[in-house]
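Visitor: Below you'll find the structure I mean.
Nothing in this text is a laboratory measurement; each read-out follows from the coordinates by a stated rule. It should be emphasised that the depicted structure is a prediction, and the values quoted were computed from it without experimental measurement. Cβ coordinates were reconstructed from backbone atoms using ideal geometry, including for glycine residues, and neighbour counts include every protein chain displayed.
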Amino acid sequence: VGSYCPVGSATPTGCPPGTFGLVQGLRNVTECTACTAGSYCQLGGTASTPTGPCLAGYYCPAGSSSPTQQACPAGGYCLNGTVTPTPCPTGTYNPSTGGSSIAACLSCTPGYFCATTGLTAVSAPCGSGYYCTSGAKVSTPTDSTGGVCPVGHKCPQGTATPIPCRSEERRVGKEC
């Protein structure tokens, strides 16, 4: 188990790293089994099962030979044993590689919104006439992440907190 024996060979040849020999009697390297996705097979040779799960912050496609095979890309995170990265949810972003939990996904910056999953940066500034607190998913939020600019305030594009109108703006009748 963990090896193959080509026709005429005197000794077994170990399956290469990234694979394992699931059963006895393998005759060719192509009969070695690619390491299971989410796991790594560092030893090859006499291994009959994967060495272990991929480490958090990394992902391991089938045939991986290291617990740190691929660094988790920006825009997502990778738990222990990850096969493919999980994208950060809407309203968040992750500018860094190697995210090992959902905590790597940062809440969208106040004054901005994060419209889709898997973002590496905020989408754009909050819309004019609206304010966006942390975690906004749209440019014109009307939930706990922001809202319509209240009367007596102004909210230019990218506003995190409504700005009170100055008294002279109200006297002159300017819209603020």
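Visitor: Using a Gaussian network model of the chain with C-alpha springs under 10 Å, which one of 94, 80, 28 is most mobile by mean-square fluctuation?
Guide: The residue that fluctuates most here is 28.
Visitor: Place the peptides 148-155, 8-15 in order of packing, highest mean first, counting for every residue the other Cβ atoms within 10 Å and averaging per peptide. Walk me through the numbers before you get to the answer.
Guide: On the way: 148-155: 14.9, 8-15: 13.2.
Highest-to-lowest ranking by the protection proxy: 148-155, 8-15.
Visitor: Extending each Cα 7 Å along its Cβ direction at residue 121 and residue 166, get the distance between those two points in nm, one decimal.
Guide: So the two model labels end up 3.3 nm from each other.
Visitor: Taking amide H positions as placed in the peptide plane 1.01 Å from N, state which residues far from residue 80 in sequence (5 or more) or on other chains have amide H under 5 Å from it.
Guide: It is 56, by chain and number.
Visitor: Further question on the same structure: Cα extents of the chain along the three principal axes, largest first, in whole Å?
Guide: Largest to smallest, the principal-axis extents are 99, 19, 19 Å.
Visitor: How big is the gap, in Å, between the Cα center of the stretch 112-167 and the Cα center of the stretch 1-54?
Guide: What the calculation gives is 56 Å, centre to centre.
Visitor: Given the options 39, 144, 128, state which has the largest fluctuation in a GNM of the chain using a 10 Å cut-off (strictly under) for Cα springs.
Guide: Comparing 39, 144, 128 in the GNM, the peak value goes to 144.
Visitor: Of all beta bridges DSSP finds with both residues in the chain, what is the antiparallel percent, to the nearest 5?
Guide: Numbers: 20 of 21 bridges.
Expressed as a percentage, antiparallel bridges in the chain total about 95.
Visitor: Anyone know which of 23, 138, 122 comes out most mobile in the 10 Å Cα GNM of the chain?
Guide: Per the Cα network of the chain with a 10 Å cutoff, 23 tops the list.
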